[in-house]
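For reference, the structure is listed below as structure tokens.
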Amino acid sequence: MRNQLFSLSLRRLPLPLSLPRFLSYSIPDDVYDPPFCPPQKPNKNDNNKKTKKKKKKNNENGTMNLNEETSFPLKSELPFDFKYSYSEINHSVKPISFRESPKFSPFGPGRLDRKWTGTSAPVQKEVDRIRIEEERKRVIGDPLSEEEVAELVERYRHSDCARQINLGKGGVTHNMLDDIHNHWKKAEAVRIKCLGVPTLDMDNVCFHLEDKSGGKIIHHNINILLLYRGRNYDPKNRPVIPLMLWKPYPAIYPRLVKNVIEGLTYEETKEMRNRGLNSHPLMKLTRNGVYVNVVERVREAFKTEEVVRLDCTHVGTSDCKRIGVKLRDLVPCVPILFKDEQIILWRGNANQEQPSNPECSIEVKESTM
């Protein structure tokens, strides 16, 4: 049988290559074939070494160890309510409903000693404002001289600065506070670049940055801020800031624009909206732009015109409504229409009551037209 197989293989292969190839791949009879042996059991010492290496890697990466997981729920001594956004949400306006149940906390189950109400996690204990102000003054220390401020500004004001945080339409968010303290470990100041809707009210952004982080703004140029940590800042004694694991769904609020504007009849409202749509746009806003001068431009326009149109093409529907809400309280004025990314503003009646505190934080209303 073997002779037949050998002869068949020689017939299929060319003659000059058949014999050498067969001899090179032939298996001798005296090959050592060891008997089957079961695998050795792993030593316990090797497993202990592997777990120790993993723990060391976790410490180097800055993640929590297994021992730290037992410290939940985290207890934070920060004297303010935890919210997703501090500068863009006004909790004086109560929501109608929630898109997700308030029992689902964005901090995770059992990870925080505060109860999530659907929009915030309020402080459980009474806050001693006097002690907190004294501690902040101690951390800030003596005021910086003009030479020190100029040196810090020259070091961190450039666009290629490594210590930069981008502030978008969410404003001063909760997790941004942790990013600020992480930068303060190795840098005296942080460069914050603001874009989008929050730039309509930069004073509000500056207030919440100083109030929530404990630092001090030493430079403000249009939409660029420098946040100084203080002379006596100690990174080892930084406050405990529990992170939000996901962005909570925005609550449902009353409609921003009603069918009939208060103070006008239905026909007058319709005529006012048509006049605004057919008028020339006062400004054209871009997506994630810098809106520092929009409030002043609208105020100047209302001195001569009754209705103003803002062209917000490609800005987005949600950002258009955010802009309208901020302008309503900052100008002040009455938004009467949001259509095709166009904002129609009415200056209101002369005897109409104006908002008492236009500098307060603005509510982000996720309502539909």
Loop-located GluC sites (Glu not before Pro) in the stretch 107-182, at most 13 other Cβ atoms within 10 Å (DSSP): Glu126
Percent breakdown of C-alpha pair distances by 10 Å bin, ordered from the shortest bin, for the stretch 74-167: 12, 27, 29, 23, 9, 1
Low-density loop positions, trypsin sites (Lys or Arg not before Pro), the stretch 178-249 - DSSP coil, at most 12 other Cβ in 10 Å: Lys185, Lys186
Low-density loop cleavage sites - chymotrypsin sites (Phe, Trp or Tyr not before Pro) in the stretch 185-280, where at most 15 other Cβ are within 10 Å (DSSP): Trp246
The stretch 255-346 - Debye-derived log10 I(q)/I(0), Cα point model, q = 0.10, 0.16, 0.24 Å⁻¹: -0.22, -0.59, -1.38
Under 12 Å, Cβ to Cβ, from Arg229 - net charge with Lys/Arg +1 and Asp/Glu -1: +4
Protein accessible area in the stretch 255-346, 1.4 Å probe - carbon and sulfur %: 47 percent
For the stretch 82-228: rounded, prolate or oblate by the Cα gyration tensor [a/c cutoff 1.5]: prolate
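The values are calculated or read from the model by the stated rules, or taken from the named source; none is laboratory data. Note that the coordinates shown come from a computational prediction; the quantities given were computed from them, not determined experimentally. Every residue, glycine as well, gets a Cβ built from its backbone with ideal geometry; the counts of neighbours run over all protein chains shown. Note: areas computed on protein heavy atoms with side chains; ligands, DNA, RNA excluded. Shrake-Rupley method; radii C 1.70, N 1.55, O 1.52, S 1.80 Å.
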